[in-house]
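The values are calculated or read from the model by the stated rules, or taken from the named source; none is laboratory data. Please read all numbers here as calculations on a predicted model, not as lab measurements. Here the Cβ is made from the backbone with ideal geometry for all residues, glycine too, and neighbour counts use every protein chain on show. Just so you know, the surface numbers come from the protein's heavy atoms only, side chains and all, with ligands and any DNA or RNA stripped out. Shrake-Rupley method; radii C 1.70, N 1.55, O 1.52, S 1.80 Å.
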Amino acid sequence: MPRYQYLRHRITAADRPRVIEHLQRLRAQLDRDIPDKDSGSNLLLATWNIRDLGKPGPGWGWGRRLPESHFYIAEILSRFDFVAVQEVNELDEWNKVMDILGPDWDFIATDVTDKALGGNGERLLYLYDKRKVWFQNIAGEIVLPNDMLVTDVTGDSDEALYRGKQFRRTPFQTAFQSGWFKFDICTVHLYYGEDSGSKLRERIAEIDRIARYLAKRAEQSLKAGRALILLGDFNIVHPEHETMKALTRHGFVTPKALAAPSNLDRTKYYDQIAFMTEPAVLEYIDRPAANGGAANVGIFEIFESVFRDGAAGADDMADYEAPLRKTSKGATGDLREAYRDWRTWQISDHKPMWVRINTNGATGYLDRLKAGG
C-alpha cells in the first residue's frame with residue numbers, strides 16, 4: 001500500500017482534503033477494475049507509457065507535474081506486481097513515486113537513449129513488487145546484428161555497414177520469476193515517425209526486427225521452461241494494420257481481449273502485450289470472468305476518477321484553473337482544450353494495459369514428476 005503519510009509533507013493543508021477525495025475515488029475504481037493481488041497464485045503484469053516522466057528542462061509540455069499527480073501514479077502502479085514503464089527520463093521524479101510506493105518495491109532501468117538516435121533521452125524501466133517477483137540477475141539492451149538492421153545495408157565495404165540503423169530507443173530485456181512462472185521479458189518504445197511514407201516504413205521495420213530477433217531466441221526460452229514476453233509501446237495503428245502484422249508474423253500472440261485501443265481517444269492500439277509461451281498461459285488470460293468476478297485482462301481508464309473533464313457530468317477542471325492559467329496555452333486559448341491536454345502531462349496520454357498470469361505450477365510439476373518426467 002502506498003505511503004499516504006507523505007500526503008502531510010507533499011500536499012498543502014488547503015489542498016489535502018481534495019487530493020484525498022480524489023485518491024479515494026481512484027482507489028474505489030481500482031478495487032472495481034483490477035483483481036486483488038494475491039500471495040502466490042497469480043502475477044498481475046502491466047505495461048504503461050507514463051508521458052515524459054521527469055523530462056528535464058523548462059518549457060517542455062506543460063511544465064512540472066503537480067505533487068498530487070505522483071500519488072495518483074503511485075496508486076495505479078501499486079495495484080500490479082510488475083510493470084514495464086516507458087518514457088521515464090531523469091530519475092528524480094521517478095524516485096518521488098518510488099518513495100510513495102515504499103520499500104517493498106524495486107526497479108531496474110536503462111540509461112537514457114542518446115538523443116542523436118531520435119529517442120528523446122528517455123529510459124525503459126521495470127518496476128516490481130519484491131514480495132511477488134524476483135530479478136534473476138540477467139539484463140541487457142538489444143543490439144541488432146548487421147544482417148537485421150532496421151534499414152537495408154547495401155555495398156561490400158566496411159563503411160556500408162553503417163548505412164543500416166539500430167533502434168531509435170533500444171529494447172530492454174531481462175529475466176524474472178514469480179512463483180513457478182519464469183519469464184524473459186523485453187519492453188520497447190518503438191519509433192513513431194509518421195502516418196505514411198518512409199517514416200511509417202521505418203516504424204514497421206522496427207516492429208518486425210524486434211519480433212524476428214526475439215523469435216530466434218524463443219525456442220531456447222521455451223526449452224528452459226520460460227515464457228517470452230514482448231510488451232510496451234509499439235505505436236501500432238490497429239489489429240489489421242501492417243504494424244500489427246509485423247509483430248505477429250513471427251509467432252508472437254496477443255491476448256484476444258487486448259484487441260482494444262489504449263490511447264485516450266480510443267483510436268489507436270499503440271500498446272501491446274505479446275507472448276511466446278505455453279498455450280495454457282494465454283488460455284488463462286483470455287478466460288471469461290466467472291460469476292461476475294474479475295477478468296484476467298484489461299485496460300485501465302486513468303481519467304475516470306482523477307482530472308475528470310466533464311464528459312460524464314463530473315468535472316475537476318475548476319480545481320486546476322490557477323495552474324492552467326499560468327501556462328501560455330491556458331492563458332490565451334480555450335481553457336477546456338488546454339485542460340484536456342495539460343492533464344496528459346500530469347498522468348499520461350496512454351492507459352495501463354494489464355494481464356493476470358497463473359503462476360502456480362505445482363500441480364503440473366507434481367504430475368510430471370509422478371510420471372517420471
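Quick one: in the stretch 172-206, of everything that is without any contact (Cβ under 8 Å) to a residue 60 or more places away in the chain and in a loop (DSSP other than H, G, I, E, B), which residue is surrounded by the most Cβ atoms within 10 Å (Cβ to Cβ)?
In this case the residue turns out to be 190.
Which one is farthest from residue 139 (Cα to Cα) among residues in the stretch 207-234 that are surrounded by fewer than 22 Cβ atoms within 10 Å (Cβ to Cβ) and out of contact with any strand residue (DSSP E or B) (no Cβ under 8 Å at 6 or more places or on another chain)?
Going through the qualifying residues, I end up with 208.
Considering only residues that are modelled with pLDDT under 80, open to solvent by 50 Å² or more (accessible area, probe 1.4 Å) and at negative phi, which ones fall in the stretch 37-67?
Within the stretch 37-67, 39, 56, 58, 60 meet the criteria.
Out of (1) within 22 Å of residue 182 (Cβ to Cβ); (2) aromatic (Phe, Trp, Tyr); (3) free of Cβ contacts under 8 Å to residues at least 40 places away in the same chain, the odd one out for residue 269 is which?
Here residue 269 clears every test but (1).
Given the options 137, 120, 146, 89, name the one that is closer than 15 Å to residue 49 by Cα, polar (S, T, N, Q) and either at pLDDT 90 or above or touching a Leu at 6+ places or on another chain (Cβ under 7 Å) (or both). Spell out the reasoning first.
On the way: 137 fails: closer than 15 Å to residue 49 by Cα; 120 fails: either at pLDDT 90 or above or touching a Leu at 6+ places or on another chain (Cβ under 7 Å) (or both); 146 fails: closer than 15 Å to residue 49 by Cα.
After applying the criteria, what remains is 89.
Name the pairs: first residue in the stretch 5-31 and within 22 Å of residue 79 (Cβ to Cβ), second residue of a type outside the set (Phe, Trp, Tyr) and open to solvent by 80 Å² or more (accessible area, probe 1.4 Å), Cβ to Cβ under 6 Å, at least 6 apart or on different chains?
The qualifying pairs are 29/304.
All but one of (1) at negative phi; (2) at pLDDT 90 or above hold for residue 223; state the number of the condition that does not hold.
Status for residue 223: all satisfied but (2).
Take residue 306 and decide whether it is over 17 Å from the mean Cα position of the chain (by Cα), part of a loop (DSSP other than H, G, I, E, B) and either closer than 26 Å to residue 36 by Cα or at pLDDT 95 or above (or both). Steps first, please.
Numbers: over 17 Å from the mean Cα position of the chain (by Cα): yes; part of a loop (DSSP other than H, G, I, E, B): yes; either closer than 26 Å to residue 36 by Cα or at pLDDT 95 or above (or both): yes.
Yes, satisfied.
Kindly indicate whether residue 77 is modelled with pLDDT of 95 or more, within 15 Å of residue 352 (Cα to Cα) and part of a helix (DSSP H, G or I).
Spelling it out, residue 77 is indeed modelled with pLDDT of 95 or more, within 15 Å of residue 352 (Cα to Cα) and part of a helix (DSSP H, G or I).
Taking the condition buried (at least 19 other Cβ atoms within 10 Å of the Cβ) and over 21 Å from residue 53 (Cβ atoms), does residue 132 pass? First the steps, then the outcome.
Working: buried (at least 19 other Cβ atoms within 10 Å of the Cβ): yes; over 21 Å from residue 53 (Cβ atoms): yes.
Yes.
So, in the stretch 249-270, how many residues would count as being outside any loop (DSSP other than H, G, I, E, B) and not small (Gly, Ala, Ser)?
To start, the set of residues in the stretch 249-270 that are outside any loop (DSSP other than H, G, I, E, B) comprises 253, 256-258, 263.
Next, only the ones that are not small (Gly, Ala, Ser) stay: 253, 256, 258, 263.
So the answer is 4.
Of the conditions (1) in contact with a Lys or Arg (Cβ under 8 Å, 6 or more places away or on another chain); (2) part of a strand (DSSP E or B); (3) closer than 30 Å to residue 19 by Cβ, residue 125 clears all except one; give me its number.
Only one criterion is unmet by residue 125, namely (1).
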